[in-house]
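These notes concern the structure reproduced below.
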Amino acid sequence: MEENLNVTYLILGGHMEVEKYRHIYFIMFLIVYLLIICSNCTIVYLIWKHQNLHEPMYIFIAALLLNSVLFTTNIYPKLLIDFLSEKQIISYDACLVQFALFYSLGFAEFLLLAAMAYDRYVSICKPLQYPTIMRKRTISIFLALAWLLPACQVASIAKMCANEKLCSFTLTVIFCKNTIYKLFCVTSRCCSFFGAFILVNAVVFPVIFIIFTYTKILMICYRSSGDFRKKAAQNCLPHLLVLINYFFLFAYDVITVRLEYDFPKIARFIMALQLVLYNPLLNPLVYGLKMKDIYKHLKSLIC
């Protein structure tokens with residue numbers, strides 16, 4: 001914004017006619033946010049409560065849903081405040097925090113999906129070794145790495161961004177993400193290089209690993225009985241659907257900034273919403289309705 005504000009605040013310029021539809025936006029997003037919190041927390045509660053769900057696969061599902069709750073809580077409260085505010089602004093420090101949480105939790109989802117894929121691979125391809133491989137210690141290490149590794153890496157790049165000089169103070173989005181690079185007077189090669197490095201080891205490698213594990217699973221299933229194929233498909237198909245959806249949304253987010261193409265404002269608005277809408281809403285449906293054991297307890301809870 002202006003120089004007398006000491007370049008502390010940034011304008012979030014990606015909102016669509018917020019003055020006209022502010023109350024409609026607020027009610028819609030409040031309902032969606034509450035729905036995300038309730039649906040995800042319900043499945044986490046069921047997994048925590050029932051002893052027969054204290055297995056590696058369900059623990060990873062609970063971690064994934066908890067990650068979705070944290071991910072949306074980083075975005076939705078600020079969005080709700082902005083809808084009722086005369087000006088949609090955010091301090092640069094708060095923007096960096098939101099940026100860091102957005103990507104650290106987003107990357108954590110890929111690593112959690114990779115851990116789930118490995119669990120399914122060991123369960124189907126090495127069933128006799130499963131109890132010795134997937135011990136509590138192994139699960140704890142996977143969960144710690146999934147959250148701490150991207151958090152440390154993204155915190156480092158956020159620290160680099162904090163030292164960059166700004167020449168623009170208007171973001172073309174509704175929350176802080178990698179478009180903050182466009183605010184810098186000079187594009188930092190160090191930030192770009194380190195960002196690409198994080199993207200490779202937090203997204204590309206996990207996706208390649210997931211594809212490899214599911215390829216091995218499909219090869220085993222192809223040579224097995226019909227019942228085994230059906231059970232494997234029931235466990236693995238939801239994971240693949242979540243991965244494909246999330247990967248393409250994240251790929252769009254990265255590519256649009258790298259291409260520096262001026263997308264229409266409505267397109268940026270819709271795609272930004274999809275990043276924080278689809279997976280948090282789909283995850284409890286996929287893992288609550290498609291997983292038989294969870295669905296049984298969910299049905300019991302509702303009835």
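What follows draws every value from the coordinates through simple rules; no lab data is involved. Bear in mind that the values here come from a model prediction, so they are computed numbers and not experimental data. Please note: Cβ atoms are built from the backbone with ideal geometry, for glycine as well, and neighbour counts cover all protein chains shown.
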Interatomic Cα distance distribution for the range 28-88, bins of 5 angstrom, percent: 4, 18, 23, 18, 13, 10, 7, 4, 3, 1, 0
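Of Lys126/Lys296; Lys49/Lys292; Lys165/Lys265; Lys49/Lys296; Lys126/Lys299; Lys78/Lys290, which ones are farther than 24 Å apart at the Cα?
Working: Lys126/Lys296 27 Å; Lys49/Lys292 16 Å; Lys165/Lys265 26 Å; Lys49/Lys296 13 Å; Lys126/Lys299 32 Å; Lys78/Lys290 32 Å.
Exceeds cut-off: Lys126/Lys296; Lys165/Lys265; Lys126/Lys299; Lys78/Lys290.
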More than 16 Å apart - percent of Cα-Cα pairs taken over the range 83-155: 61 percent
Calculate the dipole size of the chain relative to its Cα centre from +1 charges on Lys and Arg beta carbons and -1 charges on Asp and Glu beta carbons; express the result in debye to the nearest 20. 1300 debye
For the chain, whose charge dipole is built from +1 on Lys and Arg Cβ atoms and -1 on Asp and Glu Cβ atoms, the candidate among Ser91, Ile81, Phe107 with its Cα farthest towards the positive end is Phe107
Just tell me, in residue order, which DSSP H segments of the chain are both 27 angstrom or longer along the helix axis (alpha-carbon based) and at least -0.5 in mean Kyte-Doolittle hydropathy. 18-49, 56-83, 92-125, 136-162, 226-259
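Would you compute, from DSSP H runs of 4+ residues alone, the mean residue ellipticity of the chain at 222 nm, taking -39500 (n - 2.57) per run and dividing by the full residue count, rounded to the nearest 500?
Details: 11 runs with 222 residues, N = 303.
Value at 222 nm, helices only: -25500 deg cm²/dmol.
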Among Cys38, Cys185, Cys221, determine the one that fluctuates most according to a GNM of the chain built with springs between C-alpha atoms less than 10 Å apart. Cys185
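Does the range 130-191 come out rounded, prolate or oblate, given a ≥ b ≥ c as the square roots of the eigenvalues of its C-alpha gyration tensor, rounded meaning a/c under 1.5 and, failing that, prolate meaning a/b above b/c?
Values: a/c = 5.00, a/b = 3.05, b/c = 1.64.
Since a/c reaches 1.5 and a/b is larger than b/c, the shape of the range 130-191 is classed as prolate.
Compute, for the range 120-217, the length of the dipole vector about the Cα centre, with Cβ point charges of +1 (Lys, Arg) and -1 (Asp, Glu) only. Units Debye, rounded to 20. Working shown, then result.
On the way: 11 positive and 1 negative charges, 66 e Å.
For this selection, approximately 320 debye.
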Placing +1 on each Lys and Arg Cβ and -1 on each Asp and Glu Cβ in the range 136-197, then taking the dipole about the Cα centre, the residue among Trp147, Ile157, Cys191 whose Cα reaches farthest towards the positive end is Trp147
Counting only the backbone N, which residues of the range 95-116 are under 17 Å from the spot 7 Å out from the Cα of Ser156 toward its beta-carbon? 100-101, 103-105, 107-108
Compactness of the chain - radius of gyration and Dmax, Cα, Å: 20.9, 72
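Give, rounded to the nearest 20 debye, the magnitude of the charge dipole that the range 1-104 has about its Cα centre when Lys and Arg contribute +1 at Cβ and Asp and Glu contribute -1 at Cβ. Please list the in-between numbers first.
Details: 5 positive and 8 negative charges, 82 e Å.
Charge dipole of the range 1-104: 400 debye, to the nearest 20.
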Please name whichever of Pro206, Ser300, Phe175 sits farthest to the positive end of the charge dipole of the chain, dipole taken about the Cα centre and charges placed at Cβ: Lys and Arg +1, Asp and Glu -1. Ser300
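Cβ neighbours within 10 Å, averaged per peptide: list 52-58, 191-197 in order, most packed at the top. Write down the numbers at each step before the final one.
On the way: 52-58: 17.6, 191-197: 14.9.
My ranking of the peptides, most packed first, is 52-58, 191-197.
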